[in-house]
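For reference, the structure discussed in these notes is given below.
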Amino acid sequence: MEARATLRYARIAPRKVSIVLDQIRNKPVDMAMAILKHTPKAACEPLEKLLKSAMANAENNHNMDKNSLYVSECFVCPGPTLKRIRPRAQGRAFRVLKRTSHVTIVLNEKE
């Protein structure tokens, strides 16, 4: 039995999110929450919200014990990229890629 939560179309680049996800993978949920609270990265705020959602899913939908949960799987996939144009010198245009992410967190119970 596993509980999962997904965050789609998050306006943050996937490589920035994956740095934080590597820190919480295979950790108990209380330790993962502490790591997200005290890490000064932009990705931590939406990931903290996502982890709380996964914990609530585990508790309410799957009747899992929240004290024995751990982050069994977490990954990020690139979402659609927003293309924007920035003006440059001599009438040229410069393409700016605003990347989005799809993040998934999967929780399991320790045996």
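Condition first: in contact (Cβ under 8 Å) with a residue 24 or more places away in the chain and of a type in the set (Gly, Ala, Ser). Now tell me which residues in the stretch 1-41 satisfy that.
Scanning the stretch 1-41 gives Ala3, Ala5, Ala10, Ala13, Ser18, Ala32.
Could you figure out which of (1) assigned to a loop (DSSP other than H, G, I, E, B); (2) without any contact (Cβ under 8 Å) to a residue 60 or more places away in the chain; (3) not acidic (Asp, Glu) isn't true of Arg86?
(1)
Considering the stretch 1-41 alone, what residues qualify as being open to solvent by 20 Å² or more (accessible area, probe 1.4 Å) and hydrophobic (A, V, I, L, M, F, W, C)?
If the condition is that a residue be open to solvent by 20 Å² or more (accessible area, probe 1.4 Å) and hydrophobic (A, V, I, L, M, F, W, C), then Met1, Leu7, Ile12, Ala13, Ile19, Met31, Met33, Ala34, Ile35 are the ones that fit.
Among the residues of the stretch 82-111, write down those that are closer than 19 Å to Ile12 by Cα, open to solvent by less than 50 Å² (accessible area, probe 1.4 Å) and not small (Gly, Ala, Ser).
Correct list: Val96, Thr100, His102, Val103, Thr104, Ile105.
Sort out which residues of the stretch 5-27 are closer than 13 Å to Ile105 by Cα and outside any helix (DSSP H, G or I), and write them in order of number.
Matches in the stretch 5-27: Ala5, Thr6, Leu7, Arg8, Arg25, Asn26, Lys27.
Find the residue count for the stretch 42-71, including only residues that are among the small types (Gly, Ala, Ser) and buried (at least 17 other Cβ atoms within 10 Å of the Cβ). Full working, then the answer.
Narrowing the stretch 42-71 to residues among the small types (Gly, Ala, Ser): 42-43, 53-54, 56, 58, 68.
Next, only the ones that are buried (at least 17 other Cβ atoms within 10 Å of the Cβ) stay: 43, 54, 58.
Number of matching residues: 3.
For the stretch 42-64, how many residues meet the condition of being in a loop (DSSP other than H, G, I, E, B) and either of a type in the set (Gly, Ala, Ser) or in contact (Cβ under 8 Å) with a residue 24 or more places away in the chain (or both)? Lay out the reasoning, then the answer.
Going through the stretch 42-64, the residues in a loop (DSSP other than H, G, I, E, B) turn out to be 42-43, 62-64.
Checking which are either of a type in the set (Gly, Ala, Ser) or in contact (Cβ under 8 Å) with a residue 24 or more places away in the chain (or both) leaves us with 42-43, 62, 64.
Adding up the residues that qualify gives 4.
Has the stretch 73-81 got any residue that is open to solvent by less than 40 Å² (accessible area, probe 1.4 Å), of a type outside the set (Val, Ile, Thr) and under 23 Å from Ile12 (Cβ atoms)?
Within the stretch 73-81, one or more residues are open to solvent by less than 40 Å² (accessible area, probe 1.4 Å), of a type outside the set (Val, Ile, Thr) and under 23 Å from Ile12 (Cβ atoms).
The values are calculated or read from the model by the stated rules, or taken from the named source; none is laboratory data. As the structure is a computational prediction, the values presented were derived from the model and not from experiment. Backbone-built Cβ (ideal geometry, glycine too); neighbour counts: all protein chains shown. Surface accessibility is based on the protein's heavy atoms, side chains included, excluding ligands, DNA and RNA. Shrake-Rupley method; radii C 1.70, N 1.55, O 1.52, S 1.80 Å.
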